[in-house]
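Encoded as C-alpha cells, the structure appears first; notes follow it.
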Amino acid sequence: CRPQPLPTPRWQKIFKSRLVGLAVAYGNTVFVVLIVILILLLLGGQPQGPAHPPSCSLLRRLVTLISQQAVLGASSEAFRKQAEGASQAARRYMEDNDALRKVPRGG
C-alpha cells in the first residue's frame, strides 16, 4: 500500500486566496478608513436638531469618496500588474530578437 498524501490544511488555502491577499495589501488603509467612519458616525449620531442636517450629506459624500478611492486603488493595481507583464514580454522579445541576430545566416 502506498501512503496517501496529507490533505492541504484549509487555512493554507484561505491564506493563499486572492481576497486575503487584497485584504493584506489594503489592510492599513481600510483600517484607518473604518476608524474615521466610526468616529464620524459617533459624532453624527448625537441629537442635533434641525439646525445641522448637512452632517448626514457630508457623511454620505465621505462614504462615496472612500468607495471611489477603493475602486481606483484596485484598478491602479491591475494596471500596474498589466504594465509589469507587458514589460516582461517586451524584455523576452528583445532577448529573442538579440538571440536571432546572433545566429549565423546560412546561404
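The values are calculated or read from the model by the stated rules, or taken from the named source; none is laboratory data. Please read all numbers here as calculations on a predicted model, not as lab measurements. Areas reflect the complete protein model, heavy atoms only, side chains present, ligands, DNA and RNA absent. Shrake-Rupley method; radii C 1.70, N 1.55, O 1.52, S 1.80 Å.
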task: Compute the accessible area per residue over the stretch 55-98, keeping the other protein chains in place, probe 1.4 Å, unit Å².
output: 81
query: What's the extension gain from Leu72 to Val30 if we count 0.36 nm per residue and subtract their Cα-Cα distance?
result: 13.7 nm
